[in-house]
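Read through the structure below, which is laid out as structure tokens, and then see the notes.
Only the coordinates and a few stated rules stand behind these numbers; no lab work does. Owing to the predicted nature of the structure, the values given are computational and were not obtained by experimental measurement. Cβ sites come from the backbone with ideal geometry, for glycine too, and all protein chains shown count toward neighbours.
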Amino acid sequence: MKMANVNESVIALMSEVLDGYPEGADGTWFVEGSEVLKATLADLSGEEASRSLGDGINSIAAHVIHLTYYLELSTDGMKKIERESNWGGSWAKQVTTDAEWEVAKQNCATKFQEFSEILSTHDLSDPDDLTYAIANLGHAAYHLGAIRQLFLIVKSK
């Protein structure tokens, strides 16, 4: 049995967060059926994604915009593009229109793709790059879980 390298493993797991079962696979490592990012987000309107569930609880839209920001920041980091970080600002937009929501979903999918593309050609022997890869996997899985919990509440109301 061929062992996957770190790049292939992270790419496969990031794809699982976004898309779920790879074609031809008989299972996944940590998601079930439609409990993946694309399917979850596709089932939400801009109003639902923007719904406030209480003080201090970020909307689904804010989670998606923040996740997109972190993927972009990490991709730039792996490309050795220095930029100023604005972690707090990445949470600023909590409400989207339907049109903005469509753009936010597409941007997120695009940044997942760009991150996977850089992983497919990048040597992860650099400790910083390896950290970007592993951190993004944990970060994406965390936000998928948070979004899924918020989704269940939004859809129950």
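Relative contact order for the chain: what is it in percent, counting Cα pairs under 8 Å that are at least 6 residues apart? Numbers along the way, then the final one.
Details: 164 pairs, mean separation 50.8, N = 157.
The normalised contact order for the chain reaches 32 percent.
Quote the Stokes-Einstein diffusion coefficient, in whole µm² s⁻¹, for the chain, based on the Kirkwood radius over alpha carbon pairs, a temperature of 37 °C and a viscosity of 0.692 mPa s. Let's see the in-between values first.
On the way: Rh = 16.2 Å.
Diffusion coefficient, whole number: 202 µm²/s.
Using Cα springs under 10 Å in a Gaussian network model of the chain, which residue among Ala61, Ala99, Ala133 shows the largest mean-square fluctuation?
Result for the chain, Cα springs under 10 Å: Ala99 fluctuates most.
Which pairs, out of Lys79/Lys111; Lys38/Lys79; Lys105/Lys157, put more than 20 Å between their alpha-carbon atoms? All intermediate terms of the calculation are to be shown ahead of the outcome.
Working: Lys79/Lys111 14 Å; Lys38/Lys79 26 Å; Lys105/Lys157 22 Å.
Among Lys79/Lys111; Lys38/Lys79; Lys105/Lys157, the Cα-Cα distance tops 20 Å for Lys38/Lys79; Lys105/Lys157.
What distance in nm separates the two pseudo spin-label positions at Glu35 and Asn86, each 7 Å out from Cα along the beta-carbon direction?
Going from the Glu35 label point to the Asn86 one covers 3.6 nm.
Mind checking the full-extension length gain between Ser9 and Gln113? Use 0.36 nm per residue of separation minus the Cα-Cα distance, one decimal, nm. Walk me through the numbers on the way to the answer.
Working: separation 104, 0.36 × 104 = 37.44 nm, distance 1.49 nm.
Working it through step by step, the gained length comes to 36.0 nm.
Step by step: find N for region 69-157, compute 2.2 N^0.38 Å, then divide the Cα radius of gyration by it. What's the final number? List each step's numbers first, then the result.
Values: Rg = 14.9 Å, N = 89, 2.2 N^0.38 = 12.1 Å.
That ratio works out to 1.23.
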